Amino acid sequence: RTIDNFCKKVGVPSLYEFVSQDIDEFAELIEREGAEVSDNLPALEWFEAKSGLETVRAMLQGLNSGDSPFKNTTGVIEDLKDYESVLQRLATEGIRWHMEVDF
């Protein structure tokens, strides 16, 4: 994946490492897709906002240096700045976070 490779290049965990889903929502998606739900679904995880902030800032620094593997670099930068703003506030407040995929 492009994001994984870019994060590796700038030396931080991928944004995908912060994705975590509610078990019930994940099971519902699996059932909708017609697959059997395992008893071993991963538990919902929460992460320190500071860790996500480090990843987002390293990505922004890499993109601002002109090193972009993304087709729409401007859009990616805008999204990352939004993440940065939210994560900065969460870090200041000591609130943990995770990313979810909206199905």
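The values are calculated or read from the model by the stated rules, or taken from the named source; none is laboratory data. Nothing here was measured: the structure is a model prediction, and the numbers come from that model. Positions of Cβ are generated from backbone atoms using ideal geometry, with glycine treated the same way; all protein chains shown enter the neighbour counts. Calculation scope for accessible area: heavy atoms of the full protein, side chains included, ligands and nucleic acids excluded. Shrake-Rupley method; radii C 1.70, N 1.55, O 1.52, S 1.80 Å.
Every residue in segment 68-88 that is charged (D, E, K, R) and without any contact (Cβ under 8 Å) to a residue 12 or more places away in the chain, please. Don't jump to the end; show me each part of the working.
Restricting attention to segment 68-88, the residues satisfying the condition of being charged (D, E, K, R) are 71, 78-79, 81-82, 84.
Residues satisfying the conditions are Lys71, Glu78, Asp79, Asp82.
What's the total number of residues in segment 54-92 that are of a type outside the set (Gly, Ala, Ser), part of a helix (DSSP H, G or I) and farther than 21 Å from Leu44 by Cα?
Residues of segment 54-92 of a type outside the set (Gly, Ala, Ser): 54-57, 59-61, 63-64, 67, 69-74, 76-84, 86-90, 92.
Retained after the next criterion (residues that are part of a helix (DSSP H, G or I)): 54-57, 59-61, 63-64, 73-74, 76-84, 86-90, 92.
If we keep only those that are farther than 21 Å from Leu44 by Cα too, we end up with 54, 56-57, 59-61, 63-64, 73-74, 76-82, 84, 88-89, 92.
Counting residues in segment 54-92 that are of a type outside the set (Gly, Ala, Ser), part of a helix (DSSP H, G or I) and farther than 21 Å from Leu44 by Cα gives 21.
Any chance you could count how many residues in segment 65-94 are open to solvent by 40 Å² or more (accessible area, probe 1.4 Å) and among the aromatic types (Phe, Trp, Tyr)?
1
In the list Trp46, Trp97, which residue meets the criterion of being touching a residue at least 60 places away in the same chain (Cβ under 8 Å) and at negative phi? Talk me through it step by step, then tell me what you get.
Numbers: Trp46 fails: touching a residue at least 60 places away in the same chain (Cβ under 8 Å).
That would be Trp97, the only listed residue that is touching a residue at least 60 places away in the same chain (Cβ under 8 Å) and at negative phi.
Using the structure shown, decide if Trp97 is open to solvent by less than 70 Å² (accessible area, probe 1.4 Å), under 16 Å from the mean Cα position of the chain (by Cα) and over 21 Å from Val10 (Cα atoms). Spell out how you get there, then give the answer.
Working: open to solvent by less than 70 Å² (accessible area, probe 1.4 Å): yes; under 16 Å from the mean Cα position of the chain (by Cα): yes; over 21 Å from Val10 (Cα atoms): yes.
Spelling it out, Trp97 is indeed open to solvent by less than 70 Å² (accessible area, probe 1.4 Å), under 16 Å from the mean Cα position of the chain (by Cα) and over 21 Å from Val10 (Cα atoms).
Filter segment 40-53 for residues that are of a type in the set (Gly, Ala, Ser) and in a helix (DSSP H, G or I); which is nearest to Glu93 (Cα to Cα)?
Ala49
Any chance segment 21-29 includes a residue that's open to solvent by 40 Å² or more (accessible area, probe 1.4 Å) and outside any helix (DSSP H, G or I)? Walk me through how you get there before you give the answer.
Narrowing segment 21-29 to residues open to solvent by 40 Å² or more (accessible area, probe 1.4 Å): 22-26, 28.
Add one more test, that the residue is outside any helix (DSSP H, G or I), and what stays is 22.
Looking through segment 21-29, at least one residue is open to solvent by 40 Å² or more (accessible area, probe 1.4 Å) and outside any helix (DSSP H, G or I).
Conditions first: (1) surrounded by 12 or more Cβ atoms within 10 Å (Cβ to Cβ); (2) free of Cβ contacts under 8 Å to residues at least 24 places away in the same chain. Gly62 passes all but one, so which condition is the exception?
(2)
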